[in-house]
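Take a look at the structure below.
The values are calculated or read from the model by the stated rules, or taken from the named source; none is laboratory data. Note that this is a predicted model, so its numbers are computed, not measured. As a convention, Cβ positions derive from the backbone with ideal geometry for all residues, glycine included, and neighbour counts pool all protein chains shown. Note: accessible area is taken over every heavy atom of the protein model, side chains too, but ligands, DNA and RNA are not part of it. Shrake-Rupley method; radii C 1.70, N 1.55, O 1.52, S 1.80 Å.
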Amino acid sequence: MRANAADRTPVRRLTVLYDADCSLCTFLRDWLVRQPKLVPLDLVPAASEEARRRFPTLDHRATLDDITVVGDGGQVYRSAAAWIVTLWALREHRRLAHRLSTPTGAKLAKGAVLAAAKWRGTQWGGRAYRPADGWWYDPRQGWTYTAPRCDGGTCVTP
């Protein structure tokens, strides 16, 4: 199998796209901010205007469902590979990233990603919670719905 140019390009900076509406995702974002890094990390909300500006060809809807990390050389990592490359960027966790990149370690990393996805899904009735769809949760009042506004005579429908 031939390697493409992105596979041969060194990684000098990574952008982690995270779901800003997911409490687990924002907790991990905050944890990443505090970690000493060997490779700089840019933490950008998935499917945000900033993410769309930086990566216009990326499937931004998919980045809301699965962690996506983009290298400065065009590399795109998803799911377990995204977690592994993110750990690789951290000074205290590079050794762990190397262990997780082995065939046995990859199974463990995949299991951790699946467990996080399951936890995340159970928090919002089996799907990721998105305030943009009109639903909002208030612990005191429960779920409420506000229909999206139509700007300029056009309405976005799910």
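Quick look at the values:
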| item | result |
| --- | --- |
| Pairs where the first residue, in the stretch 86-103, is open to solvent by 60 Å² or more (accessible area, probe 1.4 Å) and the second is in a loop (DSSP other than H, G, I, E, B) and at pLDDT 95 or above, C-beta under 6 Å, 6+ apart | 91/36; 91/38 |
| Among (1) open to solvent by 90 Å² or more (accessible area, probe 1.4 Å); (2) modelled with pLDDT of 90 or more, the one test that residue 140 misses | (2) |
| Residue that is open to solvent by less than 70 Å² (accessible area, probe 1.4 Å) and modelled with pLDDT of 75 or more, where the choices are 126, 134, 111, 74 | 74 |
| Among residues of the stretch 15-72, those that are in a loop (DSSP other than H, G, I, E, B), of a type outside the set (S, T, N, Q) and more than 14 Å from residue 87 (Cα to Cα), counted | 12 |
| Scope the stretch 18-62; condition in contact with a helix residue (DSSP H, G or I) (Cβ under 9 Å, 6 or more places away or on another chain), open to solvent by 80 Å² or more (accessible area, probe 1.4 Å) and free of Cβ contacts under 8 Å to residues at least 12 places away in the same chain; matching residues | 52 |
